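> This is the structure, below, for whatever I ask next.
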Amino acid sequence: MSEKIIVTGAAGFIGFHLINRLLDEGREVIGVDNLHPYYDSSLTLARLAKLREKERFSFFKVAMEDKEGIEEVFAAHTPDQVVHLAAQVGVRYSIEDPMAYVNSNMVGFSNILELCRRGGVKHLVYASSSSVYGANGIYPFSEDHRVDHPVSIYAATKKSNELMAHSYASLFNLPVTGLRFFTVYGPWGRPDMAIFKFTKSILNGDPIKVYNEGRMRRDFTYVDDIIEGVRKVMSAPPVGKADWNNEHPEAGASYAPYRVYNIGNNRSVPLMKMIETLEQALGKEAVKIMEPMQPGDMKETSANIDSINSDFGFEPKTVIEAGIPRFVEWYREYYRV
């Protein structure tokens, strides 16, 4: 019998690519998404339509904070694994509507944790974020660094998810793995992310806003590399570390079946280098408006991936000089520009 996997955030960027991979492997996937109109709904629905063309995929429109709705999905399908990618995303929007993040990211995650515990799920993999590193200024970011100073409500909810996950791993022996994603991009990506927004503006001849006057760096990670990492992690539920020392606690691991991994490209790229690479792929120069630093932004993200490399052999392969042209090719084809 095929393994049943529930993937939340099914019509989202990473969810779409992961489900395609799982279906191609012959898995049975139950997708859940509330289809929130945070960004272009037509793109979300187009992703979902592509998934619905395939066998062994079923879909339920349910919000994570809808306890009864999520319970019905779990009761009907009794999953072996759950990959929880659903969340209210976006750093700047969390300043405008923080309660949307509390409801979706914290109340919703508590529902998932409880249903995984009650359903005897073998492994819960969930999306955290590089945003949890907040005001930390030690680069590259390591899972053993302190993450006590988030600079956005979004980041605070993601750190809360990690704390909640550890509690369930410790109390109920629920195997949980959190993945701190670093600036994911690629075909079918999120329209609110910089590469997508800049592409649209440059092609339209509109100026782009370059925050902190371009003095920023990001660990841009191509979506195919992300999916490869997620699949590797899904293959091995964590176990408690026998040598974990509570006098010198290892933050990314535990005596409980709990792990947190950075999953990034391991190459921090200057923002201006990304823009230059995008201009080359588009064959058009951007009109740049230099802006000050925005509230909630981080000047740099840089992933130390030693842990996921050591445990799973994860090695991202895609540099931006290869990944950005692939995104541009998809964008031109999808939007016919």
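The values are calculated or read from the model by the stated rules, or taken from the named source; none is laboratory data. Bear in mind that the values here come from a model prediction, so they are computed numbers and not experimental data. Glycine also receives a Cβ, built like all others from the backbone with ideal geometry; neighbour counts cover every protein chain displayed. SASA here: full protein model, heavy atoms, side chains in, ligands and nucleic acids out. Shrake-Rupley method; radii C 1.70, N 1.55, O 1.52, S 1.80 Å.
> Which condition breaks for Pro257 when tested against (1) in contact with a helix residue (DSSP H, G or I) (Cβ under 9 Å, 6 or more places away or on another chain); (2) on the phi > 0 side of the Ramachandran plot?
(2)
> Related question: Residue check: is Met99 free of Cβ contacts under 8 Å to residues at least 60 places away in the same chain, open to solvent by 50 Å² or more (accessible area, probe 1.4 Å), under 20 Å from Ser128 (Cα atoms) and not in a strand (DSSP E or B)? Give the steps one after another, and end with the answer.
Values: free of Cβ contacts under 8 Å to residues at least 60 places away in the same chain: yes; open to solvent by 50 Å² or more (accessible area, probe 1.4 Å): yes; under 20 Å from Ser128 (Cα atoms): yes; not in a strand (DSSP E or B): yes.
So Met99 passes the test.
> Pairs needed: first member in the range 73-88, farther than 20 Å from Ser131 by Cα; second member anywhere, modelled with pLDDT under 95 and assigned to a loop (DSSP other than H, G, I, E, B); C-beta distance under 6 Å; at least 6 residues apart or different chains.
Matching pairs, first to second residue: Asp80/Glu3.
> What pairs come up if the first residue lies in the range 1-20 and is farther than 19 Å from Pro37 by Cβ and modelled with pLDDT under 95, the second is among the small types (Gly, Ala, Ser) and open to solvent by 10 Å² or more (accessible area, probe 1.4 Å), and their beta carbons are under 8 Å apart, counting only those six or more places apart or on different chains?
Here the result reads Ser2/Gly26, each pair linking the range 1-20 to a residue that is among the small types (Gly, Ala, Ser) and open to solvent by 10 Å² or more (accessible area, probe 1.4 Å).
> I want to confirm something. Restricting to the range 163-179 and keeping residues that are of a type outside the set (Ser, Thr, Tyr) and either without any contact (Cβ under 8 Å) to a residue 12 or more places away in the chain or open to solvent by less than 10 Å² (accessible area, probe 1.4 Å) (or both), which single residue is farthest from Tyr261 (Cα to Cα)? Before the answer, list the steps.
Residues of the range 163-179 of a type outside the set (Ser, Thr, Tyr): 163-166, 169, 171-176, 178-179.
Retained after the next criterion (residues that are either without any contact (Cβ under 8 Å) to a residue 12 or more places away in the chain or open to solvent by less than 10 Å² (accessible area, probe 1.4 Å) (or both)): 163, 165, 169, 171, 174, 176, 178-179.
Working: Leu163: 14, Ala165: 13, Ala169: 16, Leu171: 21, Leu174: 17, Val176: 11, Gly178: 6, Leu179: 5 Å.
Per the stated criteria, the residue is Leu171.
> A further question follows. Name the residue that is modelled with the lowest pLDDT, counting only residues in the range 279-337 that are among the polar types (S, T, N, Q) and within 28 Å of Ser94 (Cα to Cα).
Taking the range 279-337 as the starting set, the residues that turn out to be among the polar types (S, T, N, Q) are 280, 294, 301-302, 304, 307, 309-310, 318.
Add one more test, that the residue is within 28 Å of Ser94 (Cα to Cα), and what stays is 294, 301-302, 304.
On the way: Gln294: 87, Thr301: 94, Ser302: 94, Asn304: 97.
Per the stated criteria, the residue is Gln294.
> If a residue must be part of a helix (DSSP H, G or I), open to solvent by 20 Å² or more (accessible area, probe 1.4 Å) and touching a Gly at 6+ places or on another chain (Cβ under 8 Å), how many such residues does the range 287-329 contain? It would help to see each step written out before you state the result.
Within the range 287-329, the first condition is being part of a helix (DSSP H, G or I), and the residues that meet it are 306-312, 320-329.
Among the residues that remain, those that are also open to solvent by 20 Å² or more (accessible area, probe 1.4 Å) are: 306-307, 309-312, 321-322, 325-326, 329.
Remaining after also requiring touching a Gly at 6+ places or on another chain (Cβ under 8 Å): 307, 312, 326.
Going through the range 287-329 one residue at a time, the tally reaches 3.
> Test each condition in (1) under 19 Å from Tyr335 (Cβ atoms); (2) touching a residue at least 24 places away in the same chain (Cβ under 8 Å) for Lys197 and report the one that comes out false.
So the condition that Lys197 fails would be (2).
> Another question, if that's okay. Condition test on Asp219, is it touching a residue at least 60 places away in the same chain (Cβ under 8 Å) and open to solvent by 80 Å² or more (accessible area, probe 1.4 Å)?
Values: touching a residue at least 60 places away in the same chain (Cβ under 8 Å): yes; open to solvent by 80 Å² or more (accessible area, probe 1.4 Å): no.
When the stated conditions are applied, Asp219 does not pass them.
> Give the residues of the range 36-59 that are in contact (Cβ under 8 Å) with a residue 24 or more places away in the chain and over 18 Å from Asn20 (Cβ atoms), sorted by residue number.
Within the range 36-59, His36, Tyr38, Tyr39, Asp40 qualify.
> Output yes when any residue across the range 144-153 is assigned to a helix (DSSP H, G or I), more than 23 Å from Asn265 (Cα to Cα), in contact (Cβ under 8 Å) with a residue 12 or more places away in the chain and under 19 Å from the mean Cα position of the chain (by Cα), and no when none is.
To start, the set of residues in the range 144-153 that are assigned to a helix (DSSP H, G or I) comprises 153.
Of the ones still in play, those that are also more than 23 Å from Asn265 (Cα to Cα) are 153.
Going one step further and asking which of them are in contact (Cβ under 8 Å) with a residue 12 or more places away in the chain, we end up with 153.
Next cut, under 19 Å from the mean Cα position of the chain (by Cα) only: 153.
So far as the range 144-153 goes, yes, one or more of its residues are assigned to a helix (DSSP H, G or I), more than 23 Å from Asn265 (Cα to Cα), in contact (Cβ under 8 Å) with a residue 12 or more places away in the chain and under 19 Å from the mean Cα position of the chain (by Cα).
> How many residues does the range 208-227 hold that are on the phi < 0 side of the Ramachandran plot, more than 18 Å from the chain's Cα centre (by Cα) and part of a helix (DSSP H, G or I)? Write out each step before concluding.
Filtering the range 208-227 for residues on the phi < 0 side of the Ramachandran plot gives 208-211, 215-227.
If we keep only those that are more than 18 Å from the chain's Cα centre (by Cα) as well, we get 208-211, 215-217.
Within this subset, residues satisfying the condition of being part of a helix (DSSP H, G or I) are 211.
Looking only at that region, the number is 1.
> How many residues does the range 115-155 hold that are crowded, with 21+ Cβ neighbours inside 10 Å and farther than 19 Å from Glu71 by Cα?
The first filter runs over the range 115-155 and keeps only residues crowded, with 21+ Cβ neighbours inside 10 Å, leaving 116, 121, 123-133, 141, 143, 147, 150, 152-155.
This time we only want the ones that are farther than 19 Å from Glu71 by Cα, so: 127-133, 141, 143, 147, 150, 152-155.
The qualifying residues number 15.
> With respect to Ala286, is the statement that it is hydrophobic (A, V, I, L, M, F, W, C), closer than 19 Å to Tyr168 by Cβ and either in contact with a strand residue (DSSP E or B) (Cβ under 9 Å, 6 or more places away or on another chain) or touching a residue at least 60 places away in the same chain (Cβ under 8 Å) (or both) true?
Details: hydrophobic (A, V, I, L, M, F, W, C): yes; closer than 19 Å to Tyr168 by Cβ: no; either in contact with a strand residue (DSSP E or B) (Cβ under 9 Å, 6 or more places away or on another chain) or touching a residue at least 60 places away in the same chain (Cβ under 8 Å) (or both): yes.
For Ala286, the condition - hydrophobic (A, V, I, L, M, F, W, C), closer than 19 Å to Tyr168 by Cβ and either in contact with a strand residue (DSSP E or B) (Cβ under 9 Å, 6 or more places away or on another chain) or touching a residue at least 60 places away in the same chain (Cβ under 8 Å) (or both) - is not met.
> Being in contact with a Phe, Trp or Tyr (Cβ under 6 Å, 6 or more places away or on another chain), in contact (Cβ under 8 Å) with a residue 40 or more places away in the chain and either among the acidic types (Asp, Glu) or farther than 27 Å from Gly137 by Cβ (or both) is true for just one of Tyr331, Tyr255. Which residue is that? Before you say what the answer is, go through the steps one by one.
Details: Tyr331 fails: in contact with a Phe, Trp or Tyr (Cβ under 6 Å, 6 or more places away or on another chain).
The conditions single out Tyr255.
Per-residue answers, yes or no, for (1) assigned to a helix (DSSP H, G or I); (2) surrounded by fewer than 20 Cβ atoms within 10 Å (Cβ to Cβ):
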site	(1), (2)
Ile195	yes, no
Ser201	yes, yes
Asp206	no, yes
Gly229	yes, no
Gly240	no, yes
His248	no, yes
Ala253	no, no
